[in-house]
Amino acid sequence: MFSCRAAWQRCGPLARKAAYRLPRDVVQRRQMSSVPGGSGENIVYTLLCGGALVASVSYAYSTVASDSSRFNDRIAEINARPKTEWVPKPWPPKGGEEEEV
């Protein structure tokens, strides 16, 4: 009993100090890259996203540019069609039953 108590008094502070330091020193902290292109994988993602952005902007620009000329052509075609004079239908409409009576 005395030897256990003597060992505990001698090794206890050392064990407590080691127990408090253990979680901080053992767990490795990984540095995260916050700069695009910090690693080879980030460069690939940056190139893919940049390429997709350039492609989408160029597609939108070409679509808007071609649609305006197409719109003007369609309006000109609609205006060139022959127009008939609009005549309203008579009211009240004549039904088949009223003509017999």
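The values are calculated or read from the model by the stated rules, or taken from the named source; none is laboratory data. As the structure is a computational prediction, the values presented were derived from the model and not from experiment. Here the Cβ positions follow ideal geometry from the backbone for every residue, glycine too, while neighbour counts run over all protein chains shown. Protein only, heavy atoms only, side chains kept; ligands, DNA and RNA dropped before computing areas. Shrake-Rupley method; radii C 1.70, N 1.55, O 1.52, S 1.80 Å.
List of remarks:
- Projecting label points 7 angstrom from Cα along Cα→Cβ for Arg10 and Cys49 puts them 6.0 nm apart.
- For Thr63, solvent-accessible area (1.4 Å; no DNA, RNA or ligand), Å²: 40
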